């Protein structure tokens, strides 16, 4: 007799499932379960924007993976995600995954200003994590295409960080790729 699908495959409490495990395979399983289901995507976004630290952190991982597989599914939520990054006490996982998402998708023009402001703030903060700063650097470099006036400010912040801080190898590596592209 074939195995019957478990009730978990048919109906799942996403909040509980997010807290069950913290592995790549679990994240991928949740991303696949959410798929292109609008109700499940809305539930994930709601948990990401409004729940406790641990749930937000787990939802950020799944959201990031979902955006990498199907960017069109998260594009309508770019505005609230950018706003969430400005909240006090936000888990670094949120900033890391939102900037990771923004670096790999086409940011709608309506959100360019908010993305630019957020990323300049994150990049200029020496206390911010390397990943968040590097993703922010990449986003800003991309936005220099439609806004070439940003190039000087971006070059200045990167150069200042390289001179005045003790940057990590990851930061230096990203800077070496971005600076020549800025001209």
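The values are calculated or read from the model by the stated rules, or taken from the named source; none is laboratory data. These figures come from a predicted structure and were not determined experimentally. Methodologically, a virtual Cβ is constructed for each residue, glycine included, from the backbone with ideal geometry; neighbour enumeration extends over all protein chains shown.
Hey, any hits in the range 173-183 for a residue that's on the phi > 0 side of the Ramachandran plot, loosely packed, with under 14 Cβ neighbours inside 10 Å and outside the structural domain of residue 69 (by TED's automatic domain parsing)? Checked against the condition, which is being on the phi > 0 side of the Ramachandran plot, loosely packed, with under 14 Cβ neighbours inside 10 Å and outside the structural domain of residue 69 (by TED's automatic domain parsing), the range 173-183 yields at least one hit.
Residues in the range 161-171 that are part of a helix (DSSP H, G or I) and surrounded by 12 or more Cβ atoms within 10 Å (Cβ to Cβ): 161, 162, 170, 171.
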